[in-house]
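Have a look at the structure below before the remarks.
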Amino acid sequence: TQFSFRQKAVKFSEHQDWFKKQLKSIDVEIFIGEIQVDMPVGQIRFSREQTYWKITYSVESIVRGLGYGRQLLEKGIQALKQKGHSGTLSAEVHKSNRASINLFEELDFIPIKGRLGDIVEFRKDLN
């Protein structure tokens, strides 16, 4: 997608292998947002990396701007806490992705100074 950090095409078989590893990992939590049964609107993934949980999420293009990104983040964070996880949350956002920047700011994530290029990193304590 437009704001994806990986712009190179991935073979479907490679993606399947990667996804299976993600599902088996104790350091990854994946949640799917649905508005009805079998009608997904997006996904959010939390990947434990050293001392923090890296957030990646996406919202289906046909429902962007309707508040589902906020719901994915809020409910995903809540589910992560309910599973007993703790630590710091971290998200990297392209500077041109104003919707995500605004969302992380509204949810009290703190932008981290010192990043170069077109990326803004946000952090927030999970506890």
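The values are calculated or read from the model by the stated rules, or taken from the named source; none is laboratory data. Everything quoted here is computed from the prediction, not taken from an experiment. All Cβ positions, glycine included, derive from the backbone under ideal geometry; neighbour counts span all protein chains shown. Heavy atoms of the whole protein, side chains included, go into the accessibility calculation; ligands, DNA and RNA do not. Shrake-Rupley method; radii C 1.70, N 1.55, O 1.52, S 1.80 Å.
Tabulated values for the structure
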read-out: Contacts under 8 angstrom Cβ, first residue in the range 94-105 being touching a residue at least 24 places away in the same chain (Cβ under 8 Å), partner among the hydroxyl-bearing types (Ser, Thr, Tyr) and open to solvent by less than 20 Å² (accessible area, probe 1.4 Å), 6 or more apart; value: 94/100
read-out: Candidates 118, 38, 108, filtered to the one that is open to solvent by 90 Å² or more (accessible area, probe 1.4 Å), of a type in the set (D, E, K, R) and in contact with a Lys or Arg (Cβ under 7 Å, 6 or more places away or on another chain); value: 108
read-out: Qualifying residues in the range 6-29 (those that are within 23 Å of residue 109 (Cα to Cα) and either among the charged types (D, E, K, R) or open to solvent by 50 Å² or more (accessible area, probe 1.4 Å) (or both)) - the one farthest from the chain's Cα centre (by Cα); value: 27
read-out: The lone exception for residue 37 - which of (1) β-branched (Val, Ile, Thr); (2) in contact with a helix residue (DSSP H, G or I) (Cβ under 6 Å, 6 or more places away or on another chain); (3) over 22 Å from residue 104 (Cβ atoms) it fails; value: (2)
read-out: Candidate set: the range 61-96, residues that are more than 11 Å from the chain's Cα centre (by Cα), among the β-branched types (Val, Ile, Thr) and assigned to a helix (DSSP H, G or I); chosen: the one surrounded by the most Cβ atoms within 10 Å (Cβ to Cβ); value: 63
read-out: Residues (modelled with pLDDT of 90 or more and not in a strand (DSSP E or B)) located in the range 28-60; value: 60
read-out: Odd one out for residue 5, checked against (1) at pLDDT 85 or above; (2) closer than 15 Å to residue 92 by Cβ; value: (1)
